[in-house]
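Reviewing the structure listed below.
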Amino acid sequence: ANNWEFIKTEVTGEKNNVAVITLNRPKALNALCNGLMKELSTALKAYGKDANISAIVLTGSEKAFAAGADIKEMAPNTYSQCIQGNFLNDWTEVARTQKPIIAAVNGYALGGGCELAMMCDIIYAGDKAKFGQPEIALGTIPGAGGTQRLTRVVGKSKAMEMCLTGNMINAQEAEKVGLVSKVIPADQLLGEAVKLGEKIGTHSNLIVQLCKEAVNIAYETTLEEGLKFERRTNHATFSTADRKEGMQAFVEKRPAKFTSE
Ligand code: CO8
């Protein structure tokens, strides 16, 4: 189904195993209105179930990854509507996706846009990207991870500074504080993000899923519990055909052929 109003989707890569979702609301700098978030979560659910897809790239335009939640749409919201409509609940689908998601961020990633990028597993930034949590200037606070994920990633002082001032940081600073893993010239960003997805896609989709889960556990629990989860998950890989094949292929000095079994 390619009848999207607010996004574009395509499948790419040499092996046709990388999905690219492009936020496509250019006139509003990809402001994340309800319709956009519904389409995004529908697309993610579909790719999440698609056995041919190894990784998903999420991107925006050169000017904006996303300039935040849609301020015009949410301005009339009341407290009771937020509660009863479970405002922002559609957003959780992004963090629930089992396959790796790479955010390729050019331009503004502000408010909900920065939060959306942080729900992804890896962030690559174009060299003109800007990240910020400007909610404070609107008389509200972040609502989808800006005070939580950001703090875990960049630490208290930087997160506090960003959330309390609303000031943006540029791509270089975002890399320095560990918010993004790489800064890339803007025009090469999408290509590099797809290459990253392809590289991940050379491995077993099954084992990649387990590995993503294990890294994410680091954010949810104590070190002791996390290490136990990791070790048990490592043990579990020994029940898979892909683990056998991976080690056999190494011994036989040939590329592994994974089946996700
Ligand atoms: N929502 C709606 N429309 C937007 C948004 C937005 N977040 N951002 C930009 N637009 C629209 C503008 O209104 C404008 O539309 P129009 O042409 O109809 O006037 C169009 O996009 C182009 O924007 P600008 O003319 O402002 O472009 P500039 O290049 O001058 O400026 C900026 C770019 C700096 C990105 C500027 O647009 C801006 O500051 N945008 C708002 C950024 C922001 O505050 N984002 C945070 C929003 S709040 C949020 O995301 C978290 C919500 C959590 C809610 C929790 C509640 C409980």
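Here, each number is a calculation from the coordinates, and none is a lab measurement. All of these numbers come straight from a predicted model, not from anything done at the bench. Cβ sites come from the backbone with ideal geometry, for glycine too, and all protein chains shown count toward neighbours.
When a/c is below 1.5 the answer is rounded, else prolate if a/b is larger than b/c, else oblate, so apply that to the stretch 150-261 with a ≥ b ≥ c taken from the square roots of the Cα gyration tensor eigenvalues.
Details: a/c = 3.85, a/b = 1.58, b/c = 2.43.
It is oblate, given that a/c is not under 1.5 and a/b is not larger than b/c.
Which shape class applies to the stretch 7-201: rounded if a/c is under 1.5, otherwise prolate when a/b exceeds b/c and oblate if not, where a ≥ b ≥ c are the square roots of the Cα gyration tensor eigenvalues? Could you put the intermediate results ahead of the total?
Numbers: a/c = 1.77, a/b = 1.25, b/c = 1.42.
It is oblate, given that a/c is not under 1.5 and a/b is not larger than b/c.
For Lys228, give me every one of the lysines with a C-alpha distance below 18 angstrom, ignoring sequence neighbours fewer than eight places off in its own chain.
Lys212
Taking Lys38 as the anchor, which aspartates and glutamates have their alpha carbon closer than 14 Å to its alpha carbon, excluding any fewer than eight residues away along the same chain?
Glu5, Asp70, Asp90, Glu93
Only four residue types carry charge here, +1 at the Cβ of Lys and Arg and -1 at the Cβ of Asp and Glu. Report the dipole size of the stretch 7-201 about the Cα centre in Debye, rounded to the nearest 20. Can you show the working numbers first?
Values: 21 positive and 19 negative charges, 37 e Å.
Roughly 180 debye for the stretch 7-201.
Roughly speaking, what is the stretch gain from Asn52 to Lys253, that is 0.36 nm per residue apart minus the C-alpha to C-alpha distance, in nm to one decimal? Kindly include the intermediate steps, with their values, before the conclusion.
Details: separation 201, 0.36 × 201 = 72.36 nm, distance 2.62 nm.
Working it through step by step, the gained length comes to 69.7 nm.
What is the sum of charges around Arg149, taking Lys and Arg as +1, Asp and Glu as -1, for the other residues whose C-beta is under 15 Å from the C-beta of Arg149?
Working: positive: Arg96, Arg152, Lys156, Lys158; negative: Glu115, Asp121, Glu135, Glu220.
Net local charge, Arg149 excluded: 0.
Within 10 Å of each candidate Cβ there may be at most 14 other Cβ atoms; applying that plus a DSSP loop requirement, which trypsin sites (Lys or Arg not before Pro) in the stretch 181-261 survive?
Working: sites: Lys182, Lys195, Lys199, Lys212, Lys228, Arg231, Arg232, Arg243, Lys244, Lys253, Lys257; in loops: Lys253, Lys257.
Qualifying residues, ordered by number: Lys253, Lys257.
Out of all DSSP beta bridges in the stretch 1-65, what portion is antiparallel? Express it as a percent rounded to 5.
Roughly 55 percent of the DSSP beta bridges within the stretch 1-65 come out antiparallel.
Which one of Cys211, Trp4, Leu23 has its Cα pushed farthest toward the positive end of the charge dipole of the chain, where Lys and Arg give +1 and Asp and Glu give -1 at the Cβ?
Cys211
Suppose a student asked you for the relative contact order of the stretch 1-142, using Cα pairs under 8 Å spaced at least 6 residues apart; what percent would you report?
Working: 265 pairs, mean separation 31.4, N = 142.
Reported as a whole number, the value is 22 percent.
Report, for the chain, the % of DSSP beta bridges that are antiparallel, rounded to 5.
25
Residues of the stretch 233-249 with amide nitrogen under 16 Å from the 7 Å Cα-to-Cβ point of Gln209?
233-234, 236-243
Less than 16 Å apart at the alpha-carbon level, and either on another chain or at least 8 residues along: which lysines does that give for Lys156?
In chain and number order, the partners are Lys176.
Given R₀ = 22 Å, FRET efficiency for Lys27-Ala75 by Cβ-Cβ distance, to 0.05?
Working: r = 18 Å, r/R0 = 0.80.
Result of the calculation: an efficiency of 0.80.
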